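The values are calculated or read from the model by the stated rules, or taken from the named source; none is laboratory data. Everything quoted here is computed from the prediction, not taken from an experiment. FYI the Cβ positions are ideal-geometry reconstructions off the backbone, even for glycines, and counts take in every protein chain you see. Side chains are part of the model used for accessible areas, which takes the heavy atoms of the whole protein and leaves out ligands, DNA and RNA. Shrake-Rupley method; radii C 1.70, N 1.55, O 1.52, S 1.80 Å.
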Amino acid sequence: MARHPLTDLSPRNLLTAPSILAADFARLGEEIRTVDTAGADMIHVDIMDGHFVPNLSIGPPVVQAIRPVTGLPLDVHLMLTDPGRYVPAFLAAGADHITIHVESEGDLHAILGAIRAAGCSTGITLRPGTPAEALEPYLAEVDMVLVMTVEPGFGGQSFRADQVPKIRALRERLDALGRPVHLEVDGGLNLETSRTVVAAGANVLVAGNSVFRAPEGAARALAGLRALART
Ligand code: DX5
Ligand code: ZN
């Protein structure tokens, strides 16, 4: 199946990235096919090491297993203390895009370079308590900036409205770079909070619980989010 990195998608479009952390892992392939058919733009994959965040999730074998299920880009969010150690395994497993945390250890410039050298797109993200300025040294090297609107580690938390000024400031800063960079938001997004972050300048919406655990079903919930692009 054809693969493509995030650079093939325009930051001028509103994009959705359902987070499989909230999917039914016993039916993971089926869950991914549902959101793919419903028009998702990428699949968000949360990787946690039990150290950078107080939770464990999944690793490269799961990324490898879902790779043949969809042609959508796999948007891999690494919540790891030592991302440099694991990036090669995620690249080999079929990641299309990898986002690392600015609070991680190691030579982040070298890690972003390795991701790019593998033909993948690059992202940098930050915890809610980290100021936007911390991203400055990396902005020239990334295709996407991710603003966390919850403390990373768990799905299903409440959206932190105090991060909205950061989204606005980063959108302005990215526009000034003079090249297209996606601005993704992750944590507590539903229809209402998504409206807020889109108004602040975000163009990629990560949504876990509000899609995969929606009473109306994932396809309908996703259609609601995608409709925001037309409002
Ligand atoms: C949290 C993860 C999120 C999470 C979002 O650490 O990065 O991607 O899955 O889940 P919801 O949308 O349920 O807040
Ligand atoms: Zn995430």
* With respect to E172, determine if the residue is open to solvent by 20 Å² or more (accessible area, probe 1.4 Å), assigned to a helix (DSSP H, G or I), within 14 Å of ligand 1 (Cβ to nearest atom) and within 22 Å of R12 (Cα to Cα). => no
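Matching residues to (1) in a helix (DSSP H, G or I); (2) open to solvent by 10 Å² or more (accessible area, probe 1.4 Å); (3) of a type outside the set (A, V, I, L, M); (4) more than 22 Å from D46 (Cα to Cα):
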{"position": "L112", "(1), (2), (3), (4)": "yes, no, no, no"}
{"position": "R116", "(1), (2), (3), (4)": "yes, yes, yes, no"}
{"position": "T122", "(1), (2), (3), (4)": "no, no, yes, no"}
{"position": "G129", "(1), (2), (3), (4)": "no, yes, yes, no"}
{"position": "E133", "(1), (2), (3), (4)": "yes, yes, yes, yes"}
{"position": "V145", "(1), (2), (3), (4)": "no, no, no, no"}
{"position": "G153", "(1), (2), (3), (4)": "no, no, yes, no"}
{"position": "Q163", "(1), (2), (3), (4)": "yes, no, yes, no"}
{"position": "I167", "(1), (2), (3), (4)": "yes, no, no, no"}
The correct count of residues that are open to solvent by less than 50 Å² (accessible area, probe 1.4 Å) and hydroxyl-bearing (S, T, Y) in region 23-62 is 1
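Can you tell me which residues in region 183-203 are in a strand (DSSP E or B) and either within 14 Å of ligand 2 (Cβ to nearest atom) or without any contact (Cβ under 8 Å) to a residue 40 or more places away in the chain (or both)?
Answer for region 183-203, where residues must be in a strand (DSSP E or B) and either within 14 Å of ligand 2 (Cβ to nearest atom) or without any contact (Cβ under 8 Å) to a residue 40 or more places away in the chain (or both): E184, V185, D186.
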Screening A134, A118, A140 for residues that are away from ligand 2 (no atom under 14 Å from the Cβ) and within 18 Å of L74 (Cα to Cα) leaves only A118
Any hit, region 144-162, residues being touching a residue at least 24 places away in the same chain (Cβ under 8 Å), more than 16 Å from ligand 1 (Cβ to nearest atom) and farther than 16 Å from N203 by Cβ:
no
